[in-house]
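What follows is calculated from the coordinates using simple rules that are stated; it is not laboratory data. Fair warning: this is a prediction, and the values are worked out from it, not measured in the lab. Note that we place each Cβ from the backbone using ideal geometry, even for glycine, and neighbour counts take in every protein chain shown.
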Amino acid sequence: MKTKIILLCFTLLLNMSAIEAKAQAPELAQLALNIEKLAQFKQILSDLKKGYEILSGGYKTIKDLSEGNFNLHKVFLDGLLEVSPTVKKYKRVADVVDYQLQLVKEYKAAFTRFKDGGWFNADELDYISKVYDNLFSLSLKNLDDLLTVVTAKKLRMNDDERLKAIDKIFEDMQDKLIFLRSFNSSTSLLMVQRLKEKREVKNMQGYYKP
C-alpha cells in the first residue's frame, strides 16, 4: 500500500512537471526569439555605426580634398597676380614707353611747324590739333594698359599671357607712331605744295609784270 502511494505521488509530480514545462514552452520560445532579435538589432546597430564611420571619414576626406584643391587653386590664382622679373624686364615694355615719348615729341614739333608756317587756316589747324589730341589720348590708354599688365595684384595672368598682352600694346603703340609719321608727312607735303604754288604764282606775276 505504501509503495502504491509513493508511485502515485511520483506520477503526479511527473504530470505536474510536464504541465509546467508545456505551459512554459511558449514563454521559452518567445525568450529565444527575443534573444535572436536582440542579436540582430545589435548587428544592425553595429552596421549602422560602421556605415556612419565610413560616411564620416569619406566626408572628411572629400572636405579635406576640396579645401586642399581650393587652397591650391588660390595659390595658383595669387601667383597669377604676381609679376615675374621676366615680364618686368621684357624689352618691349621700355619700347612702348619710348614710342609714346617719340609720339608726343614728334606731334608737338610738327604742330608748331604747321601753325607757325602760315600755310593752314584756323579750321585746318583745328582738325590737325584734334588728330594729335586723339592720338595722345589713345597712347595714354596704351600706357595705362601696360602699367596694369606689369603691376602685381592687378590681373590674373601667367607670364606667357602677360608677354602677349605687352606685345599687343607694343603693336598698338607702334601703329599710332606709324600713323602719326604718315599724317605729318602728308601734312608737310601739303604745306610744301602750297609754298610751291605760292612761289609759282609769284613768279608768274613777275613774269607778266609790265
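Checking the cross-link pairs 91/154; 105/130; 176/198 against a 28 Å limit on the alpha carbon distance flags 176/198 as lying beyond it. Which distance in nm do the two modelled labels at residue 189 and residue 95 give, with both placed 7 Å along the Cα-to-Cβ direction? Reported label-point gap for residue 189 and residue 95 is 2.7 nm.
Net charge near residue 107, counting Lys/Arg +1 and Asp/Glu -1 over other residues with Cβ under 11 Å of its Cβ? Can you show the working numbers first?
Working: positive: 105, 108, 113, 176, 181; negative: 106, 133.
Net charge in that neighbourhood comes out at +3.
Counting every other Cβ atom within 10 Å of each residue's Cβ, 135, 190 order from fewest to most as 190, 135.
Cβ-to-Cβ counts within 10 Å put 90, 127, 99 in ascending order as 127, 90, 99, the fewest first.
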